[in-house]
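Asker: Can you read through this structure? Questions will come right after.
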Amino acid sequence: MILHSDLLPTGRGDADPWWMNAVLYQIYPRSFQDSDGDGVGDLQGIVRRLEYLAQLGVDIVWISPIYRSPQADNGYDISDYRDIDPLFGDLETFDALVARAHELGMRIVMDLVVNHTSVEHPWFVESATGPDSARRDWYYWRDPRPGAVPGTPGAEPSNWESFFGGSAWEYDPASGQYYLHLFAREQPDLNWENPEVRDAVYDMMNWWLDRGVDGFRVDAIDVISKRPGLPDGGPARAPFGVGHECFADGPRLHDFLQEMHERTFARHPGSFTVGEASNASPESALLFCDPDRRECTLLIPCEPVSLGQKTGKFSPRTLAAGELADVMSTWQEALGERGWNALYLENHDQPRAVSRFGDPHGAWYESATALATAYFLQRGTPFIYQGQEIGMLGGHFTRPSDFRDVESLNYLSAHPGEGVPAGLAAISRDNGRTPMQWDSSPAAGFTSGTPWIDLPPSASSIHVERQLADASSVLAFYRALIDARHRVPALTSGSFRRVDAGDPGLFVYVRSSEGSEVLVMTNLSGRAITPRGVFFDEDLSPSRWALYLGNMASPIDSSEAEAGDPLPSSTMAPWEARVYLR
Ligand code: TEU
């Protein structure tokens, strides 16, 4: 690793608004740090690790759901929005966590799951008492399809499919009606057309914002508006199921998001809203995050992490050279200087990036740091998912009993006798949910008990303790990227311009602002490549660039060795990354 920190401007740069040079870290609480030995992470464990996050340079901490929940979808099925699940702790511990984070200069963002509740939420319990319930219209209850025998296949009110497989309708024999659930049957969809529902959601949001929470990551927000009449959908368009066009980007979605902003975030200046829109496209993206529309601060797109799944989520194909770089560039160009992107490659729904896009066995360090460089310095707010900063790898799933995620378990139930299909083992959301790897002790220091999900074999060699002691580790590399994000003006407000380097394996771009430019060069392939093209021509040789950061110990081209750091035009080793400043 080559690092010339002296090239960085001293001190933190200015950013208006503040999040333009912020770095966000996502915690999946169930797998971050256990403090009481029950094998599940908790709030007290997070409190213990806040200083680690502050020293890494984290500005915003997004905590996945910690509300009361039966845990059918690991907390994304909420039964009480105004309390902490005892599995994780209590409100007093949460308040202490927020206070400590603020002392350390970090903001706390909660996960807001309001497309649906849990079946155990009192709202749904009351709604399910029968058609005369005062809350019946808080959810979507519909009669069986006319002429069909209730409760039998084909009797569902529409042909919509759940994201987690099977019908999106669950039959209730007591009332003879069905209720809608786009996700698990334990997650009934709230009826956002009902103003009472919206009022209750906004009141709850303001309750948390008044309590000191700095914002929300808004879960599955682009499916809250359903097409009137809930009509049948057309043929499935993988990786989405039947009916997807009837609830993705629905007719009142942006009315609801603007009303939400007006009724909550607008009353809390500086609050931060991250909209998760798995169905958004580069064309629709600005509708969510153009500041003039007053909807979301920034948008979490899902296209970059859905690549290779066109024939189905669990039958991924190998990506073509440059495919990831092309999609990331498309989103940069689509949002331009109007919108604001969440930059990420991993989260709790995704496989680990090195396992998926890199070379975990032949070039683990190089591909982890090259992928980090490629996404982290683009225009937007970079997200680090817990463990990504040390290059954690995916799970090790060889038996059906290794899985925990409802989506994966449903898939196994629908495909009995197939053992563990390779696509499921590779793409299952459980890959990103294995415990954080802290040290070389049993269970990697995550718990003194039995972890709720197994750790992969790589946990014995990839952990925080080892990398804190190594100035050239993946962790040290992320630290250098974070420092650059905090201090280099072009990485805060600068434009994004892709550079043609003559080969799809190279992803090269320039960030530019007044008096500050950054050249980011990554070889996202397993072969050595010499950059070519106008940008690298001798007479335009960008030799006046100064290398700030590189993931190779020395230039691959021995003739360059004596000259010191590699020039932009010099050959890039497989998975080499370089960051130049001027
Ligand atoms: O995921 C929403 C989402 O991205 C889905 O469209 C996606 O297809 C799903 O994860 C299945 O692969 C959010 C949360 O991130 C996820 O963990 C929850 O399971 C889901 O909403 C329901 O709350």
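The values are calculated or read from the model by the stated rules, or taken from the named source; none is laboratory data. Fair warning: this is a prediction, and the values are worked out from it, not measured in the lab. With ideal geometry, Cβ positions are generated from the backbone for all residues, glycine too; neighbour counts draw on all protein chains shown. In case anyone asks, the SASA skips ligands and DNA or RNA and just uses the protein heavy atoms, side chains included. Shrake-Rupley method; radii C 1.70, N 1.55, O 1.52, S 1.80 Å.
Asker: May I ask you to evaluate 6.51 cos²θ - 1.76 cosθ + 1.60, the Karplus curve with θ = phi - 60°, for each residue of region 491-507 and list the ³J(HN,Hα) values in order in whole Hz, giving x for glycine and proline?
Answerer: Per-residue couplings from phi come out as 7, 8, 10, x, 6, 10, 9, 6, 10, 6, 9, x, 7, x, x, 9, 10 Hz.
Asker: I would also like to ask the following. What does the charge add up to near V201, with Lys and Arg as +1, Asp and Glu as -1, over the other residues with Cβ less than 11 Å from its Cβ?
Answerer: That works out to -2.
Asker: Could you give the size of the charge dipole of the chain about its Cα centre, using +1 on the Cβ of each K and R and -1 on the Cβ of each D and E, expressed in debye and rounded to the nearest 20?
Answerer: 640
Asker: Additional query: If you average the C-alpha positions of region 413-439 and of region 302-330 separately, how far apart do those two centres end up, in angstrom?
Answerer: First find each Cα centre; the distance between them is then 19 Å.
Asker: Under a Cβ-Cβ cut-off of 13 Å, what is the net charge of the residues other than P251 that fall near it, where Lys and Arg count +1 and Asp and Glu count -1?
Answerer: Counting the neighbours of P251, the net charge comes to -2.
Asker: Would you tally the net charge around Q71, using a Cβ to Cβ cut-off of less than 11 Å, leaving Q71 out, and scoring K and R as +1, D and E as -1? Mind showing how you got there, number by number?
Answerer: Details: positive: R30, R68, R404; negative: D73, D77, D85, E120, E186.
Once all neighbours under 11 Å are counted, the net charge is -2.
Asker: Under 5 Å between amide hydrogens, which residues at least 5 positions from T530 or on another chain qualify, with H placed 1.01 Å from N in the peptide plane?
Answerer: M572
Asker: Taking every DSSP beta bridge with both residues inside the chain, roughly what % is antiparallel (nearest 5)? It would help to have the intermediate numbers written out before the result.
Answerer: Values: 36 of 62 bridges.
Bridges in the chain that DSSP calls antiparallel: roughly 60 percent.
Asker: With every protein chain present, what accessible area does S413 have (1.4 Å probe, heavy atoms only), rounded to the nearest 10 Å²?
Answerer: 90
Asker: Same structure, new question: May I ask you to list the GluC sites (Glu not before Pro) in region 366-471 that are in a DSSP loop and have at most 14 other Cβ atoms within 10 Å of their Cβ? List each step's numbers first, then the result.
Answerer: Numbers: sites: E366, E389, E407, E418, E465; in loops: E418.
Here the GluC sites (Glu not before Pro) that fit, given the DSSP loop and packing criteria, are E418.
Asker: In nm, to one decimal, how far is the V534 label point from the D402 one, both placed 7 Å along Cα→Cβ?
Answerer: Inter-label distance under the simple model: 5.0 nm.
Asker: Let me ask you something else. With point charges of +1 on the Cβ of Lys and Arg and -1 on the Cβ of Asp and Glu, referenced to the Cα centre of region 373-531, which listed residue (G505, A490, P442) lies farthest in the positive direction of the dipole?
Answerer: A490
Asker: Right, something else. Out of region 320-352, which GluC sites (Glu not before Pro) are coil in DSSP terms and have no more than 12 other C-beta atoms within 10 Å?
Answerer: Sparse-neighbourhood loop GluC sites (Glu not before Pro): E337.
Asker: Given S69, N115, G89, which one lies farthest toward the positive end of the charge dipole of region 34-151, if we put +1 on the Cβ of every Lys and Arg and -1 on the Cβ of every Asp and Glu?
Answerer: N115
Asker: Where only protein heavy atoms count, and the probe is 1.4 Å, what is the accessible area per residue for region 106-214 in Å²?
Answerer: It amounts to 38 Å² per residue over region 106-214.
Asker: If I take every Cα pair under 8 Å that is 6 or more residues apart in region 1-45, average their sequence separation and divide by the length, what percent do I get for the relative contact order?
Answerer: About 21 percent, as a whole number.
Asker: Out of region 474-545, which GluC sites (Glu not before Pro) are coil in DSSP terms and have no more than 10 other C-beta atoms within 10 Å?
Answerer: On the way: sites: E514, E517, E538; in loops: E514.
Taking region 474-545 and a limit of 10 other Cβ atoms within 10 Å, the loop GluC sites (Glu not before Pro) found are E514.
Asker: May I ask you to give the percent of accessible area on region 155-280 that is carbon plus sulfur, with a probe radius of 1.4 Å?
Answerer: 47
Asker: Let me ask something else. Using a 1.4 Å probe and ignoring any ligands, DNA or RNA, find the accessible area of I46 and quote it in Å² to the nearest 10.
Answerer: 0
Asker: I've got another one for you. Where does the chain land at 222 nm, in deg cm²/dmol rounded to the nearest 500, when only DSSP H runs of n ≥ 4 count, each adding -39500 (n - 2.57), divided by all residues? Please report the intermediate quantities before stating the final value.
Answerer: Numbers: 15 runs with 140 residues, N = 582.
One gets -7000 deg cm²/dmol as the mean residue ellipticity at 222 nm.
Asker: Would you please classify the overall shape of region 124-171 from the alpha carbon gyration tensor, given that a ≥ b ≥ c denote the square roots of the eigenvalues, rounded means a/c under 1.5, and beyond that prolate means a/b larger than b/c while oblate covers the rest?
Answerer: Because a/c hits 1.5 or more and a/b fails to exceed b/c, region 124-171 counts as oblate.
Asker: Could you do me a favour and compute the accessible area per residue for region 56-100, 1.4 Å probe, result in Å²?
Answerer: 27
Asker: Further question on the same structure: As I understand it, the dipole of the chain uses +1 on the Cβ of Lys and Arg and -1 on the Cβ of Asp and Glu, about the Cα centre. Which of A546, Q26, H361 lies farthest toward its positive end?
Answerer: Toward the positive end, the furthest listed residue is A546.
Asker: So how far, in whole Å, is the C-alpha centre of region 511-539 from the one of region 24-66?
Answerer: 37
Asker: Quick check: the angle from helix 195-211's long axis to the longest principal axis of the chain, C-alpha only, nearest 10 degrees?
Answerer: Compared with the principal axis, the helix lies near 50 degrees.
Asker: What does the extension gain come out to for W18 and A422, with contour length at 0.36 nm per residue minus their alpha carbon separation?
Answerer: In short, 141.1 nm is gained.
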